[in-house]
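Student: Below you'll find the structure I mean.
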Amino acid sequence: MNQGFKKYIPFRPEVMLTRDWPSRVVTRAPVWCSVDLRDGNQALVDPMGMEAKLAMFKTLVEIGIKEIEVGFPSSSETEYEIIRELIEGGHIPDDVTIQVLVQARPELIEKTFEAIQGAKNVIVHFYNSTSTLQRKVVFRSDMDGIVDIAVNAARLIRELSKKMEGSGTNLRFEYSPESFSGTEMDNAVLICQRVIEEIGATPENKIILNLPSTVEGSMPNLYADQLEYFCKRLPGIGSAVISVHPHNDRGTAVATAELALLAGAERIEGTLFGNGERTGNVDLVTLAMNMYSQGIDPGLDFSDINRIRDVYEKATGMRVHERHPYVGALVFTAFSGSHQDAISKGMSYMVSSSTPFWEVPYLPIDPADVGRQYEPVIRINNQSGKGGAAFIMQTNFGFDLPKAMHPEFGAVVKTECDRTGTELPPEEIFRLFQQEYIDIKEPYSLIRHKFQEENGETGEPHVVFSGTICYSGKNFEVTGEGNGPIDAFFNAVGGMRISGFKFLSYSEHAVSTGSDSMAVAYIQLLSPAGVPVFGVGISHNINLASIRGVLCAINRAVKKA
């Protein structure tokens with residue numbers, strides 16, 4: 001690449017003394033047009049056959065897209081037959097308009113009109129290339145010659161459409177000055193105005209003017225300038241619907257489309273997940289969900305995004321990337337410790353505040369809105385923080401670990417992540433929890449126990465614990481008194497070669513619901529060495545769960561000493 005950049009001609013922007021689009025905001029969705037079955041299909045290594053196209057068409061209808069470009073019927077017999085099947089097979093709902101593409105050539109236009117016979121709602125989309133480069137390199141023609149091609153095509157289309165009057169077909173027209181973004185704007189205005197006049201468009205019967213960024217050649221703001229310039233200078237703007245068709249050569253098709261809406265666009269052509277020639281078309285899913293995240297109804301249904309992705313991948317043979325916005329397998333997943341902590345706190349805030357708004361850091365939308373689950377939101381690897389494992393334990397298994405316990409258990413999980421060098425699934429997190437807390441039975445274990453409780457004259461409870469503790473294979477009878485079960489047990493074992501432990505904290509909750517629900521107790525002790533240590537106990541009986549928690553903490557401290 002050394003000095004190679006010098007051979008590229010920089011984009012020359014329109015001179016704009018004033019521009020209105022930067023101060024506008026998007027408040028409503030555009031008209032959506034899917035070109036998956038045409039533009040998307042022509043970009044596939046193995047184009048879709050009949051079955052795949054029908055499955056994709058059905059999915060697009062279910063999503064709620066009302067204008068669908070179904071093919072280029074004059075380009076091949078396969079394309080022609082698929083369109084005939086859509087029409088004759090009754091696959092097209094009455095409120096859906098199919099769109100067919102054709103070059104501005106007489107014989108192809110006539111073949112296209114044959115293909116659409118019997119359809120209820122059709123857009124005939126004709127085009128010819130207008131850019132400076134194409135005129136010079138491909139057509140070797142001046143602008144007058146390019147205008148003549150478009151005008152002659154519009155004249156023929158109008159003549160053929162008159163022959164269909166009374167057939168029951170609602171016919172509309174669309175014209176694209178292909179490579180609009182590489183065309184001088186005054187020339188783009190000229191050719192589009194001539195097409196408006198020749199096709200006979202009116203404010204009551206508008207033509208769609210589709211202005212493609214056929215090869216993305218500038219920053220999105222410069223495309224918005226072009227669009228605003230065009231709209232302000234087109235005499236017949238009142239007889240046109242302004243549509244855009246952004247490609248993604250610079251990786252900014254979504255931004256280009258969004259700024260185009262500010263600059264005057266009313267309609268957007270694109271594909272699911274951005275499939276298309278070279279780097280693809282604008283991604284309709286991302287565009288629509290961007291609006292959704294800003295409180296705007298996009299008018300499209302992506303509530304089962306995983307199924308839509310599956311249909312797309314099967315039909316096209318392509319794969320949606322794990323980091324693809326809104327639909328990728330990992331887009332609602334946090335590995336970073338600070339992200340996990342913020343998400344966890346956000347989830348808790350949603351519950352405690354009863355806010356009607358979605359207010360969770362790092363998650364721009366609620367995953368449930370697109371049919372995604374909460375379980376994989378936080379996943380654990382060696383980049384994860386102390387709260388990540390606790391979040392997994394709570395959301396997947398119902399264990400609400402005390403805040404002070406998060407660093408202790410987090411360290412256990414991080415050690416295992418460092419050892420394996422891989423992500424730990426939830427089941428492995430739970431296995432570590434069981435191994436570290438639940439399965440600790442030595443050196444002290446409870447053989448039997450009994451509590452006696454009574455209230456004294458002052459009404460204060462008085463509890464006596466008696467039981468058998470096994471230590472290193474030998475049984476010892478112990479007793480203790482206290483103002484509660486935990487205090488009584490703690491005093492009982494305090495004289496059994498266990499000295500120097502101090503009680504720090506206690507918490508408990510039910511793990512399941514109903515009369516047979518399990519209780520879990522979290523006990524924090526201070527070991528004789530001055531180290532805080534947690535123990536966990538589980539039982540149907542909360543008193544027994546607490547005793548097991550105390551023994552767990554003691555056993556863990558002894559093992560670590």
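The values are calculated or read from the model by the stated rules, or taken from the named source; none is laboratory data. Source: prediction; values computed, not measured. Counting neighbours? That spans all protein chains shown, and the Cβs are built from the backbone with ideal geometry, glycine included.
Student: Counting only residues that are without any contact (Cβ under 8 Å) to a residue 60 or more places away in the chain, within 28 Å of the chain's Cα centre (by Cα) and surrounded by 19 or more Cβ atoms within 10 Å (Cβ to Cβ), give me the strands (runs of 3 or more DSSP E) lying completely in region 2-107 with at least 2 of them.
Tutor: 67-71
Student: Turning to a different aspect of this structure: State all residues of region 243-268 that are in a strand (DSSP E or B) and crowded, with 21+ Cβ neighbours inside 10 Å; if no residue qualifies, say none.
Tutor: Correct list: Ser243, Val244, His245, Pro246, His247, Ile268.
Student: Could you tell me whether any residue of region 520-536 is touching a Ser or Thr at 6+ places or on another chain (Cβ under 7 Å), polar (S, T, N, Q) and under 23 Å from Ala390 (Cβ atoms)?
Tutor: Taking every residue of region 520-536 in turn, at least one turns out to be touching a Ser or Thr at 6+ places or on another chain (Cβ under 7 Å), polar (S, T, N, Q) and under 23 Å from Ala390 (Cβ atoms).
Student: Given the conditions (1) within 33 Å of the chain's Cα centre (by Cα); (2) over 18 Å from Pro30 (Cβ atoms), report the number of the one that Glu258 does not fulfil.
Tutor: All conditions pass for Glu258, except number (2).
Student: What pairs come up if the first residue lies in region 141-165 and is farther than 11 Å from Ala104 by Cα, the second is at pLDDT below 95 and charged (D, E, K, R), and their beta carbons are under 6 Å apart, counting only those six or more places apart or on different chains?
Tutor: Within 6 Å, the pairs are Ser141/Arg135.
Student: Mind telling me which of the residues Pro361, Pro325 ends up being within 26 Å of His406 (Cβ to Cβ), outside the structural domain of Asp297 (by TED's automatic domain parsing) and in contact with a helix residue (DSSP H, G or I) (Cβ under 7 Å, 6 or more places away or on another chain)?
Tutor: Just a single option satisfies the conditions, and that option is Pro361.
Student: Give the residues of region 504-557 that are closer than 22 Å to Ser466 by Cβ, in contact (Cβ under 8 Å) with a residue 40 or more places away in the chain and either in contact with a Pro (Cβ under 8 Å, 6 or more places away or on another chain) or among the charged types (D, E, K, R) (or both), sorted by residue number.
Tutor: Within region 504-557, Asn543, Ser546, Ile547, Arg548, Asn555 meet the criteria.
Student: How do the pairs read when you match residues in region 333-345 that are closer than 7 Å to Ser384 by Cβ with residues anywhere that are in a strand (DSSP E or B), using Cβ under 7 Å and keeping only pairs 6 or more apart or on different chains?
Tutor: Within 7 Å, the pairs are Gln340/Ala334; Gln340/Ile378.
Student: Follow-up question, since we're still on this one. Identify the residue in region 472-508 that is touching a Ser or Thr at 6+ places or on another chain (Cβ under 8 Å) and of a type in the set (S, T, N, Q) and, among all such residues, is surrounded by the fewest Cβ atoms within 10 Å (Cβ to Cβ).
Tutor: Within region 472-508, the match that is surrounded by the fewest Cβ atoms within 10 Å (Cβ to Cβ) is Asn475.
Student: Look through Ile199, Ile191 and report the one residue that is free of Cβ contacts under 8 Å to residues at least 60 places away in the same chain and assigned by TED's automatic domain parsing to the domain that holds Thr27.
Tutor: Ile199
Student: List the pairs whose first member sits in region 273-301 and is touching a residue at least 12 places away in the same chain (Cβ under 8 Å), whose second member is assigned to a loop (DSSP other than H, G, I, E, B) and charged (D, E, K, R), and whose Cβ atoms are under 7 Å apart, counting only residues at least 6 apart or on separate chains?
Tutor: Pairs found: Arg278/Asp249; Thr279/Asp249; Ile296/Arg28.
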